[in-house]
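**Student:** Structure below; questions to follow.
Please treat every number below as a calculation from the coordinates, not as lab data. Please read these numbers as outputs of a predicted model, since none were measured by experiment. Cβ coordinates were reconstructed from backbone atoms using ideal geometry, including for glycine residues, and neighbour counts include every protein chain displayed.
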Amino acid sequence: IRIWGQEGDHWVCKSVLEGCHSRTVRCVSWSPCGNKLASASFDATTCVWRKSAADFELINTLEGHENEVKSVSWSPSGSLLSTCSRDKSVWIWEVTEDEDCECASVLTEHKQDVKKVTWHPHLEILSSCGYDDTIKMYREDEDDWSISCHFLSGFPALSYLRSCRCCYDTLTGHESTVWSITFDKTGDRLASCSDDKTVKIWQAYHPGNHEGAYKNTACVCISYWTERIIIIDALLSIYQCICLLQALRHQAIIQSGSVYVR
């Protein structure tokens, strides 16, 4: 891992972090405060580094994934860290006051390799994508993390609606692996890129919006890919695709870092 700093018009290598990972380092992520760096590796570990006066020091090595760790991301508060892996799981780690990291939850909603995790820029809402062609949204629910989507063939009883606090959507529409996802700075739009040679822009619709994406606590979301009834929490937003960027590409769109929304 190399840390680069700007000197005039040039960028120069300031530090080289080594001795932690034994295989390819796939992803790095800065904490919101800028004093910590997390690195994810194909050796199935995630390392957390802290900036000191002279250099960076290794303070944690997170173990638990059974296979390659593909992505790592800090929550906007810096109190949570998420990782995802080829083992089809997403892990949520809680950062304690003594800078230790404890596993808060293991999410196994994806059916295949999970390629990317990213947090909403202002809320502790997590998104992940992977080889199963989907994007999934998560939020904390009564001291645990759960997937924030439930697809039903009809409307459930009102008692179920009251108990269902975490209902966004599983974003479908890509026809192959979703390689990367990123929120814009407001969190109202999400961009995704895929092996199907497309980039999709997803728009968040908040309660009471004028587009009619909500109707009390239930709505029918219709797109040109699918029509389904989604039961949603009236206090949360849902994301729908509003733009398909396809152009004339003949190869899959695979990020070197991530897609970026201005």
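**Student:** Here are some pairs, LYS70/LYS200; LYS51/LYS88; LYS14/LYS197; which of them have Cα atoms lying more than 26 Å apart in this structure?
**Tutor:** As for pairs spanning more than 26 Å Cα to Cα, those are LYS51/LYS88; LYS14/LYS197.
**Student:** Out of every Cα pair in segment 1-80, what percent are spaced more than 14 Å from each other?
**Tutor:** Summing the P(r) tail past 14 Å for segment 1-80 gives 63 percent.
**Student:** Kindly rank 93-102, 178-187, 67-76 from highest to lowest mean number of other beta carbons found within 10 Å of each residue.
**Tutor:** Highest mean packing first, the order is 67-76, 178-187, 93-102.
**Student:** Given the Cα-Cα distance of LEU244 and ARG2 and 0.36 nm per residue of separation, how much length would full extension add, in nm?
**Tutor:** Full-extension gain reported as 83.6 nm.
**Student:** In addition: Quote the charge dipole size of segment 1-115 about the Cα centre in Debye, to the nearest 20; the model charges only the Cβ of Lys and Arg (+1) and of Asp and Glu (-1).
**Tutor:** The dipole of segment 1-115 has a size of about 480 debye.
**Student:** Something else now. Test of understanding: what is the full-extension gain from SER15 to ASP55, defined as 0.36 nm times their sequence separation minus their Cα-Cα distance?
**Tutor:** That works out to 13.7 nm of additional length.
**Student:** Cβ neighbours within 10 Å, averaged per peptide: list 124-134, 25-35 in order, most packed at the top.
**Tutor:** 124-134, 25-35
**Student:** Can you list the residues, at least 5 places off or on another chain, whose amide H is less than 5 Å from the amide H of GLU109, using H built in the peptide plane?
**Tutor:** VAL90
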